[in-house]
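The values are calculated or read from the model by the stated rules, or taken from the named source; none is laboratory data. All of these numbers come straight from a predicted model, not from anything done at the bench. Every residue, glycine as well, gets a Cβ built from its backbone with ideal geometry; the counts of neighbours run over all protein chains shown.
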Amino acid sequence: AQTVTQSQPEMSVQEAETVTLSCTYDTSESDYYLFWYKQPPSRQMILVIRQEAYKQQNATENRFSVNFQKAAKSFSLKISDSQLGDAAMYFCAYSGKGQKLVFGQGTRLTINP
Amino acid sequence: DTEVTQTPKHLVMGMTNKKSLKCEQHMGHRAMYWYKQKAKKPPELMFVYSYEKLSINESVPSRFSPECPNSSLLNLHLHALQPEDSALYLCASSQGVAGEETQYFGPGTRLLVL
């Protein structure tokens, strides 16, 4: 079974600085999809970014970018110019073809003003 | 529009009550999901509907009964719940159930069972 591991239960960063959240996963498949979701306190879970495993280019969305290392099965999220609104629980998730979404345990990110 | 709506936002019920949670999406998605999320934990999949048919039931107790009246609506009927069922219940939808489809989540219903 596929597993997703987020080794940092909590992280904090100063406003305007850059932070990287780590995620590793275990799979024997070659074709799959990876996601980062953000869940602010008492607010809706929203998609931050997604990556197709067959694409070598790392996905980016404004201040959010990923470092996808397929051989190492690593999928880290970099947040540049951190803002107070970035404070949230971040979940890394994996999905194979026709399979359910597998979530990591989450990383709680605090932004210090 | 990537909106999934859920009602009610909060629900308090006794162990003998019957209540229902409602989820709605108007994105033309054909797959809908119920998740249960405990505090500081990731969501746990409960049910998946594909084209209005139940395709996955993750061994959920029968006191939870899902229903998909049409392609836009998903209900979760609750009966004789236990205090440990208190949690945030999330609905999600996607174009299909294929793994490449992004799931869009609703804001959730926070349930407290007394």
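Key figures for this structure:
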item	result
Residue in segment A:60-69 that is under 10 Å from the mean Cα position of the chain (by Cα), of a type in the set (A, V, I, L, M) and more than 30 Å from B:His10 (Cβ to Cβ) present	yes
Condition met for A:Ser65 (touching a Cys at 6+ places or on another chain (Cβ under 8 Å), surrounded by 15 or more Cβ atoms within 10 Å (Cβ to Cβ) and over 22 Å from B:Glu44 (Cα atoms))	no
Residues satisfying the stated conditions in segment B:98-114, i.e. surrounded by fewer than 21 Cβ atoms within 10 Å (Cβ to Cβ) and either of a type in the set (D, E, K, R) or assigned to a loop (DSSP other than H, G, I, E, B) (or both)	B:Ala98, B:Gly99, B:Glu100, B:Glu101, B:Thr102, B:Pro107, B:Arg110, B:Leu114
Wholly within chain A, strands (runs of 3 or more DSSP E) carrying at least 3 residues that are within 14 Å of chain B (Cβ to nearest Cβ) and at pLDDT 95 or above	A:32-39, A:46-52, A:88-96, A:107-112
Residue check, A:Tyr94 in contact with a Lys or Arg (Cβ under 8 Å, 6 or more places away or on another chain) and either among the basic types (Lys, Arg) or surrounded by 12 or more Cβ atoms within 10 Å (Cβ to Cβ) (or both)	no
Strands (runs of 3 or more DSSP E) wholly inside segment B:1-86 containing at least 2 residues that are over 14 Å from the mean Cα position of the chain (by Cα) and touching a residue at least 24 places away in the same chain (Cβ under 8 Å)	B:10-13
